[in-house]
Amino acid sequence: MGDAAGRILVIKLGALGDIVQALGPFSAIRRHHPDSHITLLTTAPYEAFLGGSGLFDEVWLDDRPKPWQPRRCLALRSRLRSAGFARVYDLQTSGRSSSYFRLFWPGPVPEWSGIASGCSHPHANPSRDTMHTLERQAEQLRDAGIDHVPPPDLAWAKPDLGRFKLPERCALMVPGGAAHRPGKRWPAERYGELARRLAAAGILPVLIGTSTERDALDAIAEACPEARSVAGQTDFLDIVGLAQGALAAVGNDTGPMHLIAVAGCPCVVLYSNESDPALCGQRGPTVRILRRPTLAQLTVDEVATALAAAEGNGDVTTGVEEDANRMSA
């Protein structure tokens, strides 16, 4: 299809880390189809964020109809078929998104990049599930004729850097994560001890999270009253802005750490065996991964040392590394 004009559909439903790691593919598709009308099919949490990226002409929301909701399924089918898409890039590559390929039957069926049975441009690598998300998506797009996929980039994001009025010497802490996967969370009391060390070094700990992570955030704030919580006050652009202004960041394997890494903030991400950084690890200019079979095995000294060494020059050297001995004490 090349860069010929036409209507293009890109499917990416979530979660946040996956959305961030699809920013490079989004940009590659936009560049490959400069004169096309490109529609993104996504879910409500990402509508405003991706709608402001300049990479799409239109954003549709997928309400994920269930098989036992025939009217909603038929409405989605009608919308997809009537749009006249020439090509679909399924970057979700899930059972759900692949099922949307069948909604076009009996035809006309657009060109389709994904894993749906019978599609025109399948990503048929049998090892695709053992590849990191970035490499897997780049290979999928190469199979569809897009040779260059850049790394994720947030240069288009224009956050309000002054909204929270934070000092220059601050570090972000992201102690939360999926509630149903507690094994991905470093103990809150250790975040509290790390926050105390940061505060003693003259660095303001800034806590990022949601209302569902209140227990961990409250425990850290109790251990370190100097910490400032912005929990529940941030959207995705706010997190990008906070990351751009921070000396460093530390957090669990959770979506905001993907934003923080791509925003260029030197960061340390904590992994247990419940997730594999070889498949989904954060990527960015300065990312350090610490992994143990269980996060209870990871000491405050180890994390403090890694955070101090996250960046070997610039603000982090003067703001964190010079205090490494004090932080690790």
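Things worth noting here:
- From the options Ser117, Ser94, residue that is within 24 Å of Ser27 (Cβ to Cβ) and surrounded by fewer than 19 Cβ atoms within 10 Å (Cβ to Cβ): Ser94
- Leu242 falls short on exactly one of the conditions (1) under 23 Å from Glu302 (Cβ atoms); (2) touching a residue at least 60 places away in the same chain (Cβ under 8 Å); (3) in contact with a Leu (Cβ under 7 Å, 6 or more places away or on another chain), and that condition is (1).
- The lone exception for Gly232 - which of (1) part of a loop (DSSP other than H, G, I, E, B); (2) under 22 Å from Ala309 (Cβ atoms); (3) not β-branched (Val, Ile, Thr) it fails: (2)
- Within region 189-222, the residues that satisfy the criterion of being touching a strand residue (DSSP E or B) at 6+ places or on another chain (Cβ under 8 Å), assigned to a loop (DSSP other than H, G, I, E, B) and closer than 28 Å to Pro45 by Cα are Ile208, Gly209.
- Qualifying residue in region 128-139 (condition: in the same structural domain as Asp62 (by TED's automatic domain parsing) and in contact with a strand residue (DSSP E or B) (Cβ under 8 Å, 6 or more places away or on another chain)): no
- Comparison of Ser94, Ser82 shows that the only residue that is among the hydroxyl-bearing types (Ser, Thr, Tyr), free of Cβ contacts under 8 Å to residues at least 24 places away in the same chain and more than 30 Å from Ala195 (Cα to Cα) is Ser82.
- Apart from one condition, Val109 fits all of (1) in a loop (DSSP other than H, G, I, E, B); (2) aliphatic (A, V, I, L, M); (3) surrounded by 21 or more Cβ atoms within 10 Å (Cβ to Cβ); the exception is (3).
- Close pairs from region 189-218: first crowded, with 23+ Cβ neighbours inside 10 Å, partner among the polar types (S, T, N, Q), Cβ under 7 Å, at least 6 apart: Leu207/Ser229; Ile208/Thr234; Leu217/Ser229
- Qualifying residue in region 33-52 (condition: of a type in the set (Ser, Thr, Tyr), surrounded by fewer than 21 Cβ atoms within 10 Å (Cβ to Cβ) and farther than 23 Å from Thr254 by Cβ): yes
- Some residue of region 162-183 being touching a Ser or Thr at 6+ places or on another chain (Cβ under 6 Å), of a type outside the set (A, V, I, L, M, F, W, C) and either surrounded by fewer than 23 Cβ atoms within 10 Å (Cβ to Cβ) or outside any loop (DSSP other than H, G, I, E, B) (or both): yes
Every residue, every condition in (1) in contact with a helix residue (DSSP H, G or I) (Cβ under 7 Å, 6 or more places away or on another chain); (2) in a strand (DSSP E or B), yes or no:
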position: Ser98; (1), (2): no, no
position: Phe104; (1), (2): yes, no
position: Ser113; (1), (2): yes, yes
position: Cys119; (1), (2): yes, no
position: Leu134; (1), (2): yes, no
position: Gln137; (1), (2): yes, no
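- Criterion (under 14 Å from Leu207 (Cα atoms) and outside the structural domain of Ala22 (by TED's automatic domain parsing)) met by exactly one of Glu222, Glu274: Glu222
- Complete set of residues in region 159-181 that are free of Cβ contacts under 8 Å to residues at least 60 places away in the same chain and not basic (Lys, Arg): Gly162, Pro167, Ala179, His180
- Out of Ala248, Ala201, sole residue that is in contact with a Cys (Cβ under 7 Å, 6 or more places away or on another chain) and of a type in the set (A, V, I, L, M, F, W, C): Ala248
- Cross-chain or 6+ apart pairs with Cβ under 6 Å, region 126-154 first and surrounded by fewer than 18 Cβ atoms within 10 Å (Cβ to Cβ), then not aliphatic (A, V, I, L, M): Arg128/Arg136; Asp143/His121; Asp143/His123; Pro150/Gly24; Pro150/Ser27; Pro151/Gly24
- Of the residues making up region 266-281, just one is within 14 Å of Ala306 (Cβ to Cβ) and part of a loop (DSSP other than H, G, I, E, B), namely Pro266.
The values are calculated or read from the model by the stated rules, or taken from the named source; none is laboratory data. If you're wondering where the values come from, they're calculated on a predicted model, not measured in any experiment. Backbone-built Cβ (ideal geometry, glycine too); neighbour counts: all protein chains shown.
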